[in-house]
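Q: Shown below is the structure under consideration.
The values are calculated or read from the model by the stated rules, or taken from the named source; none is laboratory data. Values in this document were obtained by computation on a predicted structure and should not be read as measured data. We place every Cβ from the backbone using ideal geometry, glycine too, and count neighbours over all the protein chains shown. Calculation scope for accessible area: heavy atoms of the full protein, side chains included, ligands and nucleic acids excluded. Shrake-Rupley method; radii C 1.70, N 1.55, O 1.52, S 1.80 Å.
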Amino acid sequence: QTRFRSVRVGVPPAVVLGTDLFDRFLDQGGLREFVLASDDDEAILRRLLAAPFPEKELRDLAAYLGIVRYPLAVRSSSLLEDSPYLPFAGIYDTWMVPNRDPDARVRLDQLRDAICRVYASTFSRRTKAYLRASPYRLEEEKMAVVIQKVAGLTRGDRHYPDLAGVARSHNFYAVPPLQPRDGVAAVALGLGATVVGGETCFRFSPRHPRHVVQFSSVEDVLRNSQRLFYALRLDDDRARADGVHGFELQQYGLETAESDGALAAIGSTYSPENDAVFDGIARPGVRLVSFAPVLKHGVFPLAEILNRLLEIGEQGTGGPIEIEFAADIAVPPGQPAEFAFLQLRPVAPSRELGQIDLGRVERAAVLCQSDVVLGHGRLDQIRDVVAIDSHRFGAARSQEIAAEIGRLNAQLMAEGAPYVLIAVGRLGSSEPTLGVPVTWSQIAGARVIVEAGFRDFKVTPSQGSHFFQNLMTVGVGYFTVNPEVGEGFIDWAWLGAQPSRSDRSGVRHVRLAVPLVVTMNGMEHRGVIVKPAQA
């Protein structure tokens, strides 16, 4: 703290509901057998919301709400969630409540509903699909809940921090001169849903904050700059027709952030007349989120704080880590800026499989090659390929494509058949123009995933998104390919010539007579998928 005297660094105040409450809640309501067996997420949620909540804890929560009147985040904290071997990042739900209704009973009902929603996510289809691909059983899981102050400032009917994001101590996609040990941060204006949802955000190395590949030209800045941000809407306290309280985050444009005073410390301006980007928002022009005032001009020591926290976290856990954070810079006069340390989780270490030699493979033998690869080892038992047809992909069909991928994933998992998933754009993005909005449960059976750029769109690795963390820790091979700009290669013609078992919504399923051979060198971040005929 003495290194950052102008900033208050800390963990937001929180209350923890232990796993014993979770067990008593399930047992006294006779719910355990039902939630373990059911595949109906809505039915599970309805049963949990209707179940009696233990009276003692309900009185304690009422007393707690009599003291705190700021917005609250209700977060999961299960026994398995932060395992050093299989982190569950993003599998369970987080819910936010405004906590400002004048009626204390309404606020208590809203908080109880949020807790039940986190409990319900323990037994969702997504969770069950994830656990089927792990060595754990759902019966072993127990859920604690953390009720934490939402970092940020209240601006009118909105509450959000100036910035929020995720930082990782190891960068699996380090671009020279950066090294993997330099780490990586993904940060955005507003609440962290932008980052963990795979939407457009800003990425940099905390050790080299001015080396930003995604903003290397004016065109790159315009293409890659965040345009919308998430905030918790405080006046949306209406219950749904079924009586269930549900608070959705709302997106706003940069003009709202500027009027709120939140854009000044992280914004830049594009001048069409000069075709240039200028740091700050003092002049007229198109507003952009560049973080230039923070990273170039030092208005807030973000990179320095992240560096120190990543160092401390690695020392404490003995291995690579990931942290979630938020910060408030545009605070009222006389108050220090704030950095909120929200969460730390270990990143499972790569399996030590020895040195892997990719060897020399003729171009004609290659289905896919990339120099941006996560994974280490050799796979030679995969005969199934699920691929999005690059010629038929379109933003208007992204939900339809995601559903079809999920259908094929469920079918192949039921058959016990691992597969290679080849997608165009970024998987898991909630922005349809960037890719396909799949959830982890819709791709959990994939053993190798390829994200490919298409036409004039260059895909960037999904650093920061929750399911990306799960891809790493489960050990899924992960290739990023941008053939349009000469980064890697996919033989779409060969793939398109193979007979398909299924071809719906622009998603083809191919089953090969002979397995593919996938070789990945995690030390060099290179990989190759070799066609069966040449294997």
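Q: So for the pair residue 34, residue 371, with labels modelled 7 Å out along Cα→Cβ, what separation do we get in nm?
A: 5.8 nm
Q: If you restrict to DSSP beta bridges whose two residues both lie in the chain, what percentage is antiparallel, to the nearest 5?
A: Bridges in the chain that DSSP calls antiparallel: roughly 80 percent.
Q: Can you give me the % of accessible surface on the chain that is carbon or sulfur? Probe 1.4 Å, all protein chains present, nothing else counted.
A: Details: 11370 of 22300 Å².
Reported share for carbon and sulfur atoms: 51 percent.
Q: Using θ = phi - 60° and the Karplus form 6.51 cos²θ - 1.76 cosθ + 1.60, what ³J(HN,Hα) does each residue of segment 283-299 get, whole Hz, x for Gly and Pro?
A: Per-residue couplings from phi come out as 9, x, x, 7, 7, 9, 9, 10, 6, 4, x, 7, 8, 9, 10, x, 6 Hz.
Q: Separate question: In terms of modelled amide H atoms, which long-range or inter-chain residues lie less than 5 Å from the amide H of residue 321?
A: Residues meeting the criterion, in which the H sits 1.01 Å from N, are 169, 170, 347.
Q: For residue 210 and residue 392, calculate 0.36 nm times their separation in residues minus their Cα-Cα distance, and state this gained length in nm to one decimal.
A: Between residue 210 and residue 392, full extension yields an extra 61.7 nm.
Q: While we're on this one: Excluding same-chain residues fewer than 8 positions from residue 128, which lysines have a Cα within less than 16 Å of its Cα?
A: Once the sequence-local lysines are set aside, what remains near residue 128 is 142.
Q: Show me the ranking of peptides 200-206, 12-18, 307-313 by mean Cβ neighbours inside 10 Å, starting with the highest.
A: Ranking the peptides 200-206, 12-18, 307-313 by packing returns 200-206, 307-313, 12-18.
Q: Moving on to the next point. Dipole of the chain, Cα-centred, from +1 at each Lys and Arg C-beta and -1 at each Asp and Glu C-beta, to the nearest 20 debye?
A: 380 debye
Q: Here's another thing I want to ask about it. I need the peptides 268-276, 94-102 ranked by packing, meaning the mean over residues of other C-beta atoms within 10 angstrom, with the highest value on top.
A: By packing density, highest mean first, the sequence is 94-102, 268-276.
Q: Next question, about the same structure. When the helix-only estimate is applied to the chain (DSSP H runs of n ≥ 4, each -39,500 (n - 2.57), divided by the residue count), what is the mean residue ellipticity at 222 nm, nearest 500 deg cm²/dmol?
A: After summing the helix terms and dividing by the residues of the chain, the value is -7000 deg cm²/dmol.
Q: Going out from 0 in 20 Å bins, what whole percent of all Cα-Cα distances in the chain drops into each bin?
A: Values per bin, smallest distances first: 21, 54, 24, 1.
Q: Under a straight-distance cross-link criterion of Cα-Cα below 17 Å, which aspartates and glutamates are reachable from residue 531, leaving out those fewer than 8 residues away in the same chain?
A: 362, 380, 384, 491
Q: Enumerate the amide H contacts of residue 11 below 5 Å, restricted to partners 5 or more residues apart or on another chain; note that Pro and chain-start residues carry no placed amide H.
A: 341
Q: Residues in segment 102-126, backbone N under 20 Å from the label point at residue 43 (7 Å along the Cα-to-beta-carbon vector): list them, ranges by number please.
A: 117-126
Q: OK, next. What accessible area per residue, rounded to a whole number of Å², is obtained for segment 365-455 using a probe radius of 1.4 Å?
A: Per-residue accessible area for segment 365-455 comes out at 33 Å².
Q: Something else about it: For segment 49-205, with the dipole built from +1 on Lys and Arg beta-carbon atoms and -1 on Asp and Glu ones, taken about the Cα centre, which of 61, 111, 170 lies farthest toward the positive end?
A: Farthest along the dipole direction, towards plus: 170.
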